[in-house]
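Here, each number is a calculation from the coordinates, and none is a lab measurement. Not measured: the values here are computed from a predicted model. Quick reminder, even Gly has a Cβ in these numbers, built from the backbone with ideal geometry, and neighbours come from all protein chains shown.
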Amino acid sequence: MKVELIQLSVEANNLAARKLYESRGFKCWGTEPKAMRMDGQYYDDCHMIYFI
């Protein structure tokens, strides 16, 4: 078995994390609205992928 890709999710407004992942070659392939809820507030997720 060979690993072909890595997937991760990051809170969409976490620009520092997104910039870091993008600098490592990850691409945002979609946004999931209201993916997380903390303290009564909803947050979107950015789903990212990196092909090895």
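Hey, does the range 14-31 have a residue that's part of a helix (DSSP H, G or I) and among the basic types (Lys, Arg)?
Step one: of the range 14-31, the residues part of a helix (DSSP H, G or I) are 15-23.
From what is left, the residues that are among the basic types (Lys, Arg) are 18-19.
Within the range 14-31 (the criterion being part of a helix (DSSP H, G or I) and among the basic types (Lys, Arg)), the answer is yes, since at least one residue qualifies.
Considering only residues that are in contact (Cβ under 8 Å) with a residue 24 or more places away in the chain and either surrounded by 14 or more Cβ atoms within 10 Å (Cβ to Cβ) or more than 25 Å from residue 41 (Cβ to Cβ) (or both), which ones fall in the range 10-21?
Within the range 10-21, 10, 11, 12, 18, 21 qualify.
Any residue in the range 24-41 that is among the hydroxyl-bearing types (Ser, Thr, Tyr), over 10 Å from the mean Cα position of the chain (by Cα), on the phi < 0 side of the Ramachandran plot and loosely packed, with under 13 Cβ neighbours inside 10 Å?
No, that holds for no residue.
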